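J.: This is the structure I have questions about; it appears just below.
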Amino acid sequence: MRHYRTIPGTIFDICNYLFLSLFALAAVLPFLYVFAGSFASDTELTRRAFFLIPERFTTAAYAYIFSTDTIVRSIGVSIYVTTVGTLINLFFTVTMAYALSKRHLAGRNFVLNLVVFSMLFGGGMIPTYLVVRELHLLDTYWALMLPGAISAFNLIIVKNFFQEIPAELEDAAKIDGCHDLALLWRIVLPLSMPVLATFTLFYAVGHWNNYYSALLYINEPSKWPLQVILRQIVMLSQMAAGDLNAMDPNFEKPPDQSIKLAVIVVGTIPILIVYPFLQKHFAKGVLLGSVKG
């Protein structure tokens, strides 16, 4: 059956494509400017308010920020916290969500009410800090990973997804001798890859971009993640760790602005690399877990 386009429908499609193109362009242009500015000279950054291609291509800003181990060490810290923290998030979210997806679980409704309550009310910064301090987690990477081990919103979405898996699959597995952990590992998790991939990226981006927890709980500069160093450069125009001055005295210091732009690029590229591999699971994973309560 052929579908004929009407003139109003065609006009609407053109306007829709035009609007989406302009919106996408507005989202991409700032990053393109940051990327181009990180390769520009001091004179050009001062003289030109906006450009996408630098007149004089230079990597002095990148050579400067990588001249000591400050940035490299902070990237390693961020990768470690993001990787381990995401695994912790997934472990606790999946295990708790799987248990709460069983309607026959004793006390299930009470626990779910507590989870929903935590979405509306929180203890606040000071009580959380006191808990972290009493657990002797200050100045440790655990302080960046354990306090937010479970997201209540993500937990509910994953729990709803598990509830939609046909009970007949689990019953058949139990007849074959599967216990609950084997059932979760062999049956449920392979069927849950879309939702797990979605929240893996959600948790990973949260850990990678998190700098506030490090400011609160980490006092030793050598343990600062990349985002704290980035904040120090962008907000204070200098590396708070202070060891960038150990570079060669004959090396000409690049402009502060290009250093800021270069560190922003360094902090953004890893997530941009990971995102395309998991982006396709976003809509499917979130929608499948939010259809039913």
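J.: Against the condition out of contact with any helix residue (DSSP H, G or I) (no Cβ under 7 Å at 6 or more places or on another chain), open to solvent by 30 Å² or more (accessible area, probe 1.4 Å) and under 30 Å from Trp185 (Cβ atoms), how does Tyr17 come out, does it pass? Let's see the steps before the verdict.
T.: Values: out of contact with any helix residue (DSSP H, G or I) (no Cβ under 7 Å at 6 or more places or on another chain): yes; open to solvent by 30 Å² or more (accessible area, probe 1.4 Å): yes; under 30 Å from Trp185 (Cβ atoms): no.
Answer is no for this residue.
J.: Follow-up question, since we're still on this one. Taking Val111 as the residue in question, decide whether it is among the hydrophobic types (A, V, I, L, M, F, W, C), part of a helix (DSSP H, G or I) and open to solvent by less than 40 Å² (accessible area, probe 1.4 Å).
T.: Spelling it out, it is not the case that Val111 is among the hydrophobic types (A, V, I, L, M, F, W, C), part of a helix (DSSP H, G or I) and open to solvent by less than 40 Å² (accessible area, probe 1.4 Å).
J.: Open to solvent by 40 Å² or more (accessible area, probe 1.4 Å) and either in contact (Cβ under 8 Å) with a residue 60 or more places away in the chain or under 22 Å from the mean Cα position of the chain (by Cα) (or both): does that describe Phe121?
T.: Working: open to solvent by 40 Å² or more (accessible area, probe 1.4 Å): yes; either in contact (Cβ under 8 Å) with a residue 60 or more places away in the chain or under 22 Å from the mean Cα position of the chain (by Cα) (or both): no.
Against the criterion (open to solvent by 40 Å² or more (accessible area, probe 1.4 Å) and either in contact (Cβ under 8 Å) with a residue 60 or more places away in the chain or under 22 Å from the mean Cα position of the chain (by Cα) (or both)), Phe121 does not qualify.
Per-residue answers, yes or no, for (1) outside the structural domain of Ile229 (by TED's automatic domain parsing); (2) within 30 Å of Ser151 (Cα to Cα); (3) over 22 Å from the mean Cα position of the chain (by Cα):
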{"residue": "Ala36", "(1), (2), (3)": "yes, no, yes"}
{"residue": "Phe39", "(1), (2), (3)": "yes, no, yes"}
{"residue": "Gly76", "(1), (2), (3)": "no, yes, no"}
{"residue": "Tyr98", "(1), (2), (3)": "no, yes, yes"}
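J.: Looking at the range 38-74, which of its residues are open to solvent by 40 Å² or more (accessible area, probe 1.4 Å), over 26 Å from Asn209 (Cα atoms) and part of a helix (DSSP H, G or I)?
T.: Asp42, Thr43, Thr46, Arg47
J.: Surrounded by 20 or more Cβ atoms within 10 Å (Cβ to Cβ) and of a type outside the set (Ser, Thr, Tyr): is that true of Ile187 in this structure?
T.: So Ile187 fails the test.
A quick yes/no check of all residues on (1) open to solvent by 70 Å² or more (accessible area, probe 1.4 Å); (2) in the same structural domain as Ile271 (by TED's automatic domain parsing); (3) modelled with pLDDT of 85 or more:
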| residue | (1), (2), (3) |
| --- | --- |
| Leu191 | yes, yes, no |
| Gly206 | no, yes, yes |
| Ser213 | no, yes, yes |
| Leu226 | no, yes, yes |
| Arg231 | yes, yes, no |
| Asp248 | yes, yes, no |
| Ser258 | no, yes, no |
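This table checks each residue for (1) open to solvent by 60 Å² or more (accessible area, probe 1.4 Å); (2) in a helix (DSSP H, G or I).
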{"site": "Val132", "(1), (2)": "no, yes"}
{"site": "Leu137", "(1), (2)": "no, no"}
{"site": "Leu144", "(1), (2)": "no, yes"}
{"site": "Asn154", "(1), (2)": "no, yes"}
{"site": "Phe162", "(1), (2)": "no, yes"}
{"site": "Ala172", "(1), (2)": "no, yes"}
{"site": "Leu181", "(1), (2)": "yes, yes"}
{"site": "Thr200", "(1), (2)": "no, yes"}
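J.: Further, regarding this structure: Conditions: (1) among the basic types (Lys, Arg); (2) surrounded by fewer than 14 Cβ atoms within 10 Å (Cβ to Cβ); (3) touching a helix residue (DSSP H, G or I) at 6+ places or on another chain (Cβ under 7 Å). Arg103 meets all but one. Number of the miss?
T.: (3)
The values are calculated or read from the model by the stated rules, or taken from the named source; none is laboratory data. These numbers were taken from a predicted model, which means no experiment stands behind them. Positions of Cβ are generated from backbone atoms using ideal geometry, with glycine treated the same way; all protein chains shown enter the neighbour counts. Surface accessibility is based on the protein's heavy atoms, side chains included, excluding ligands, DNA and RNA. Shrake-Rupley method; radii C 1.70, N 1.55, O 1.52, S 1.80 Å.
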